[in-house]
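Please read the structure below before turning to the comments.
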Amino acid sequence: MRHNHSKMLRILFIALSLGWVSLGQAAVSFNRDVLPILAGKCFACHGADQAKRKAGLRLDEKASAYAMRDGVQAVVPSKPEVSELVIRVFSDDPDEVMPPPDEVGLTETEKVTLRQWITEGAAYEKHWAFETPTKPVLPKAGDWGHSEIDRFILKRMAEAGLAPQRTAAREALVRRVTIDLTGLPPTPFEVDRFLNDDSPGAYGRVVDRLLESPRFGERMAVWWLDGARYGDSHGYDNDLENSQWPWRNWVIEAFNNNMPYDQFTVEQLAGDLLPNATESQMLATGFNRNHRINTEGGALDEEWRTEYVIDRVQTMGSVWMGLTLSCARCHDHKYDPISQREFYQLFALFNNLDEKGFINNLRGSAEPRIRYKNSEFEQRKKQIEATTENADRRKAEIGRLEAEYPFVMIMRDNKPRKAFILERGQYNAPGDEVQPGLMSALSAVPGDMPMNRLALVRWLTDGKHPLTARVFVNRLWEQLFGVGIVKSSENLGVQTDWPSHPQLLDWLAVDFVENGWNIKRLLRQMAMSATYRQDAATSAKRLRLDPENRLLSRGPRTRLAAEMVRDQALFLSGLLVEKHGGPSMWVYQPAGLWREVEKRGTFQQDHGEKLYRRSLYSRIRRTVAHPSMLLFDAPSREVCTVKRAHTNTPLQALALMNEVTYVEASRKFAERIMANGTTPEERIAWAFRAATARQPEPAELAFLTAGYERRLTRFRAQPKAAEQLLGQGESPSDGALGQAELAAMTTVANVLLNLDELINK
């Protein structure tokens, strides 16, 4: 008894120190405080997975947690002293304590939280992300900001003892929004036009212009292609060339045309099932066929066909619902309400293609497929056949034509198949047969139409699905602010992070649906907010109270994506070729990179303008991804990736200083610099502003100028070194410029392209 008394005193002391027990304390929230603990430490043994469940106890369900078992209850509302859960987590007995000693235990804070929750009545709640969002009441307007977004942000800042940051300088703001909406920086002319426009709607007109730019679709497509696992090769050992690039073009055009997100969803997941489906709608379903295809000898046809179907299910779940469905391939999901049966019901929706799992030496596209722009292709083909008499020449011209208009893999349900629960996910271990179906735990399942992929997209986009709008809103927020309202944007399931602004997320999700799933409108709301327009500068107080800027007490500051880093260098150099759409290009890559796989596809670098198109159009060979892209955290596209990593390594700086793309871009940028001014100071000042959108500080200008003069002396003394530097890349060098001067200015340009201010926004 004395031992128990001292233990209770210890618990009370902890509770007091943590602020859980005090006059006027906030109640413990199941969703915010308790569910993450149970999910992280308890559900593996006491969750939805029946096969792994211990003692028949489910802590994810109230009825099971409250139930009497062998004379004890895991949870007795308002009575922690007799709740087995509390007794076990505070036990010192290694045979009784939970979690067991060989597993990750609970912290003292977590133990106290569980006890306090039970003391307060042990109320259960459905996971917030699985509830259909409703539009919350807007917080009271303050003196800062004018948008609904700003009201929610200001309320949270005030609660944390923070105040908004000042508005960013106009130069910084126009650079930020231009990069965020187009993936490219503004020109000095565009900066000056904004600076010289003092009218109230100046910034809004900038945002509108950027949203209407064809660059917008290219910028948006990059992260969508990550989720769609788009690549230009099939993957696996042979990794032969694939021709899905027309689908990539469809995505770019859809974003530029502001296709509503619900229609965007319908056409990609089920466009082939629409009445009188158009060629464009058929092409859109290429989303589902971007998975890897195995062409290795000895591969089993049914095994790999099964893998493709599973990949489609997993990708759909990650992209549209932000859920990790893959767990349910082998067993009931341990954390989210997804049974293994439901996984294979979804499997059945994607299982009806007449396709092969193994295709020997496939180059191009596998059935089912369509010819890209079929009508135009046939017209040009007939013309070649009618006007070209020489058979060899005719064959060659038709071959070149087919390269322009390749076959594209699509969805076409023409072979209904039975579907079974696969034991441990193995293709050759079928269990119970299942019928096509959805997950009723999330929202009502359509009952007035055949259960196929059209039913799936209707379910996802009816506005009542709890995840579809939330997930997309959160990812657009991440695009502009660097981190989502839900930090774990890849997963909104039970193990997700608590939203920084849950009411704002729900308000935006509902508003998005109410306004026709309008993507550009949503991005405009975010970009026009005072929250987005804040200066990124911080202070000791802001760092202490808001270290990760989750409360948005300052403007966003994040590293540019790999594609943006390269594109910006090409843009500033004047090399960038803005030709939209078309096949992918082979850009510079290190010699010998393909040595181990060369027998299965020879690298043939492109030349001329093809070297300088936006990175979006660079060819992606999945097993040998481009090193500089990987260095800046671009995925290999072998699997669905909805959130990129953000690393900071010395190799990134070394690539920017030495990789041929950036050395050549520095040389061409230097040529532009030499044409803008008469003195080194004038030229470098112009270059600094062209790169950063602002004027250099005197110390910055002095530092860069001194560096130029120092290296000019060196290159005059070592002309061979200048010649070697200027010989990088295929673009011609301006012979009218002095070699030493150009080489020295090239080093200045390279320094600018390496600035923290340039590779971050």
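Quick notes
- Applying a threshold of 7 Å to beta carbon distances and a minimum spacing of six or more residues, or different chains, the list of pairs starting in segment 85-111 at a residue that is of a type in the set (Gly, Ala, Ser) and ending at one that is in a loop (DSSP other than H, G, I, E, B) and surrounded by 14 or more Cβ atoms within 10 Å (Cβ to Cβ) reads Ser91/Val97; Gly105/Pro99.
- Close pairs from segment 341-356: first not assigned by TED's automatic domain parsing to the domain that holds Leu438 and in a loop (DSSP other than H, G, I, E, B), partner hydrophobic (A, V, I, L, M, F, W, C) and at pLDDT below 95, Cβ under 8 Å, at least 6 apart: none
- Of all residues making up segment 188-247, the number that are acidic (Asp, Glu), more than 22 Å from Met409 (Cβ to Cβ) and not in a helix (DSSP H, G or I): 3
- When residues of segment 131-154 are limited to those that are at pLDDT 95 or above and touching a Lys or Arg at 6+ places or on another chain (Cβ under 8 Å), the one nearest to Leu523 (Cα to Cα): Arg151
- Yes/no for Leu572 being without any contact (Cβ under 8 Å) to a residue 60 or more places away in the chain, under 21 Å from Arg219 (Cα atoms), buried (at least 21 other Cβ atoms within 10 Å of the Cβ) and hydrophobic (A, V, I, L, M, F, W, C): no
- Asn676 meets the conditions (1) of a type in the set (S, T, N, Q); (2) closer than 18 Å to Pro188 by Cα; (3) touching a residue at least 24 places away in the same chain (Cβ under 8 Å) in every case but one. The failed one is (3).
- Inside segment 464-503, residues that are under 23 Å from Leu59 (Cα atoms) and hydrophobic (A, V, I, L, M, F, W, C) make up a count of 3.
- Flag for Arg329 being touching a residue at least 12 places away in the same chain (Cβ under 8 Å), in contact with a Gly (Cβ under 8 Å, 6 or more places away or on another chain) and assigned by TED's automatic domain parsing to the domain that holds Ile310: yes
- Comparison of Asn352, Asn294 shows that the only residue that is touching a strand residue (DSSP E or B) at 6+ places or on another chain (Cβ under 8 Å) and crowded, with 22+ Cβ neighbours inside 10 Å is Asn294.
Residue by residue, here is whether (1) closer than 30 Å to Leu210 by Cα; (2) in contact with a His (Cβ under 8 Å, 6 or more places away or on another chain); (3) surrounded by fewer than 21 Cβ atoms within 10 Å (Cβ to Cβ) holds:
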site: Asn428; (1), (2), (3): no, no, yes
site: Met439; (1), (2), (3): no, no, no
site: Asp448; (1), (2), (3): no, no, yes
site: Leu456; (1), (2), (3): no, no, no
site: Pro466; (1), (2), (3): no, no, no
site: Gln503; (1), (2), (3): yes, no, yes
site: Trp507; (1), (2), (3): yes, no, no
site: Asn518; (1), (2), (3): yes, no, yes
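- Test: residue in segment 241-252 that is in contact with a strand residue (DSSP E or B) (Cβ under 9 Å, 6 or more places away or on another chain) and surrounded by fewer than 19 Cβ atoms within 10 Å (Cβ to Cβ): yes
- Failed item in (1) surrounded by 15 or more Cβ atoms within 10 Å (Cβ to Cβ); (2) out of contact with any strand residue (DSSP E or B) (no Cβ under 6 Å at 6 or more places or on another chain), with Asp70 passing the rest: (1)
- Residue in segment 135-144 that is assigned to a helix (DSSP H, G or I) and on the phi < 0 side of the Ramachandran plot present: no
- Here Asn257 passes the criteria (1) modelled with pLDDT under 95; (2) surrounded by fewer than 19 Cβ atoms within 10 Å (Cβ to Cβ) except the one numbered (1).
- Selected residue (only one of Gln263, Gln268 is closer than 16 Å to Leu460 by Cα, buried (at least 23 other Cβ atoms within 10 Å of the Cβ) and assigned by TED's automatic domain parsing to the domain that holds Asp226): Gln268
- Among (1) assigned to a loop (DSSP other than H, G, I, E, B); (2) over 20 Å from the mean Cα position of the chain (by Cα); (3) in contact (Cβ under 8 Å) with a residue 12 or more places away in the chain, the one test that Lys541 misses: (1)
- Search result, residues across segment 121-159 that are surrounded by 18 or more Cβ atoms within 10 Å (Cβ to Cβ) and aliphatic (A, V, I, L, M): Ala122, Ala129, Ile149, Ile153, Leu154, Met157
- Residues considered: Glu478, Glu402. Of these, the only one that is within 30 Å of Leu560 (Cβ to Cβ) and of a type in the set (Asp, Glu) is Glu478.
- Here Thr285, Thr278, Thr306 are screened, and the one residue that is in contact with a helix residue (DSSP H, G or I) (Cβ under 6 Å, 6 or more places away or on another chain), of a type in the set (S, T, N, Q) and in the same structural domain as Ser365 (by TED's automatic domain parsing) is Thr285.
- Exactly one residue out of Glu697, Glu709, Glu682 is over 26 Å from Val191 (Cβ atoms) and out of contact with any Gly (no Cβ under 8 Å at 6 or more places or on another chain): that is Glu709.
- Just one of the listed residues (Arg600, Arg667) is more than 20 Å from the chain's Cα centre (by Cα) and modelled with pLDDT under 95, namely Arg600.
- In segment 277-299, the condition of being farther than 27 Å from Phe43 by Cβ and in contact with a Lys or Arg (Cβ under 6 Å, 6 or more places away or on another chain) is met by at least one residue.
- Only residues that are hydroxyl-bearing (Ser, Thr, Tyr) and more than 14 Å from Leu162 (Cβ to Cβ) were counted in segment 512-559, giving 3.
- Extreme residue, farthest from Ile759 (Cα to Cα), among residues of segment 163-174 that are more than 27 Å from the chain's Cα centre (by Cα) and surrounded by 20 or more Cβ atoms within 10 Å (Cβ to Cβ): Pro164
- Phe420 meets the conditions (1) crowded, with 18+ Cβ neighbours inside 10 Å; (2) hydrophobic (A, V, I, L, M, F, W, C); (3) modelled with pLDDT of 90 or more in every case but one. The failed one is (1).
- Residue check, Tyr236 on the phi > 0 side of the Ramachandran plot and hydroxyl-bearing (Ser, Thr, Tyr): yes
The values are calculated or read from the model by the stated rules, or taken from the named source; none is laboratory data. Everything numeric here is computed off the predicted structure, so don't read it as measured data. Glycine gets a Cβ as well: all are built from the backbone with ideal geometry, and neighbour counts include every protein chain shown.
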